[in-house]
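A quick write-up on the structure given underneath.
The values are calculated or read from the model by the stated rules, or taken from the named source; none is laboratory data. This one's a predicted model, so the numbers in the text were calculated from it and none came from an experiment. All Cβ positions, glycine included, derive from the backbone under ideal geometry; neighbour counts span all protein chains shown.
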Amino acid sequence: ASTTTAAQQTTDNTLTDDQFYQDVIAGLTSTPKRLDSKYFYDAQGDKLFQELMSCEEYYPTNCEMEIFTTQTAEICKAIIADGDAFDLIELGAGDATKSTRLLKYLIDNNADFTYLPIDISENVISYLNITLPVTLPGIKIEGLNGEYFQMLKKAAAISNRRKVVLFLGSNIGNMPVEAAKGFCEELRNNLSAGDMLLIGIDLKKNPATVLAAYNDKGGITKRFNLNLLERINRELGGDFNTSQFDHYAMYDPETGSCKSYLISLADQEVNIGHQTISFERDEYIYMEISQKYAAQEVNELATQAKFKPLNQFFDNKKWFVDAIWRA
Ligand code: AVI
């Protein structure tokens with residue numbers, strides 16, 4: 001929405017009813033201030049994330065790609081299990097670059113499966129529904145547009161085939177540990193005995209390596225964070241001056257928490273619709289957590305959520321794991 005439209009909307013209350021607006025105002029009027037990293041991904045944020053994934057310091061994507069390239073057969077054999085028909089459900093499928101490796105292997109080996117990508121973005125789902133049958137002839141695909149758990153329920157209603165859920169890219173890391181536990185429990189509650197989860201998780205490693213990935217020299221992570229302020233300007237009629245904020249990332253090797261903040265460089269006031277938010281110089285906005293786990297903690301996460309950990313597939317540096325858990 002343009003700024004004019006946003007201002008107009010504020011007057012007739014449609015903007016203030018908007019979930020994005022409500023979350024932004026709640027976050028920026030709380031102490032300490034915070035914004036939800038799920039809002040990073042508008043069209044501009046998607047582009048910046050693509051840029052990030054190919055920057056030198058951001059290793060998780062390459063590590064997971066390596067796992068899917070070098071251990072495709074082993075992973076797919078574990079997924080195929082007894083050879084029965086199954087639904088392969090991907091949470092937050094995006095452009096399915098990583099899962100395409102697995103999909104191709106499964107098709108080439110005549111596995112009997114339907115691919116059900118779930119994504120909150122309608123664009124993503126229509127893109128996959130159109131492009132995958134071209135790039136992967138023979139694929140059976142049924143894209144589901146909506147929230148993860150609602151769509152999982154829908155998938156269960158569509159068929160009673162065994163489910164294999166993919167949750168890749170260390171997306172679980174963007175939840176604090178307690179929330180991640182709750183998410184895995186809820187996932188388990190939406191599955192039946194014998195269903196599987198293939199989950200990609202970034203591992204604890206040299207703290208300097210982790211920190212560099214979230215504080216890249218080219219400043220892409222900084223732009224990625226600042227884009228959320230720009231998004232607030234674009235969609236909610238905000239007037240953030242992004243040159244008055246700096247990006248700060250920190251990693252704690254004891255807890256495995258990597259956190260990103262934006263720091264106000266001046267005493268300043270920012271207007272969002274009819275709301276004015278005051279910032280003190282050096283005040284921070286907590287933007288994102290990217291939690292890292294030890295391999296053993298990954299198994300503990302599984303058992304706490306009543307999954308049985310089956311396999312762990314690592315890249316050659318052991319920086320990332322794709323784990324298979326059985327419900
Ligand atoms: C999407 N998610 C797993 C990324 C991560 O590593 O936490 C998002 C990201 N944030 C900064 N760089 C990448």
Worksheet entry | Entirely in region 151-241, the helices (runs of 4 or more DSSP H) that have 2 or more residues that are closer than 21 Å to GLN291 by Cα, more than 12 Å from the ligand (Cβ to nearest atom) and of a type in the set (D, E, K, R) | 177-189
Response to the item:
Filtering region 118-138 for residues that are buried (at least 19 other Cβ atoms within 10 Å of the Cβ) and touching a Pro at 6+ places or on another chain (Cβ under 9 Å) leaves a count of 4
Response to the item:
Residue hits (region 161-177; β-branched (Val, Ile, Thr) and in contact with a helix residue (DSSP H, G or I) (Cβ under 8 Å, 6 or more places away or on another chain)) are VAL164, VAL165, ILE172
Worksheet item: Among the residues of region 76-97, which ones are in contact with a Phe, Trp or Tyr (Cβ under 6 Å, 6 or more places away or on another chain) and within 21 Å of GLY173 (Cβ to Cβ)?
Response: LEU91
Worksheet item: Given the residues TYR248, TYR293, which is the only one that is surrounded by 13 or more Cβ atoms within 10 Å (Cβ to Cβ), of a type in the set (Phe, Trp, Tyr) and farther than 19 Å from LYS181 by Cα?
Response: TYR248
Worksheet entry | Residue ID - surrounded by the most Cβ atoms within 10 Å (Cβ to Cβ), chosen from residues in region 165-204 that are in contact with a Pro (Cβ under 9 Å, 6 or more places away or on another chain) and charged (D, E, K, R) | ASP202
Worksheet entry | Number of positions in region 246-265 that are within 16 Å of the ligand (Cβ to nearest atom) and either out of contact with any His (no Cβ under 8 Å at 6 or more places or on another chain) or in a loop (DSSP other than H, G, I, E, B) (or both) | 12
Worksheet entry | Residue identified as out of contact with any Cys (no Cβ under 6 Å at 6 or more places or on another chain), more than 16 Å from the ligand (Cβ to nearest atom), at pLDDT 95 or above and assigned to a strand (DSSP E or B) among GLU297, GLU269 | GLU269
Worksheet item: Any residue in region 107-117 that is touching a residue at least 40 places away in the same chain (Cβ under 8 Å), away from the ligand (no atom under 14 Å from the Cβ) and surrounded by fewer than 20 Cβ atoms within 10 Å (Cβ to Cβ)?
Response: yes
Item to complete: Inspect region 58-66 for any residue being out of contact with any Lys or Arg (no Cβ under 6 Å at 6 or more places or on another chain), of a type in the set (Val, Ile, Thr) and not in a loop (DSSP other than H, G, I, E, B) and give the result as yes or no.
Response: yes
Worksheet item: Restricting attention to region 56-95, and to residues there that are modelled with pLDDT under 95 and within 16 Å of the ligand (Cβ to nearest atom), which single residue is surrounded by the most Cβ atoms within 10 Å (Cβ to Cβ)?
Response: ALA93
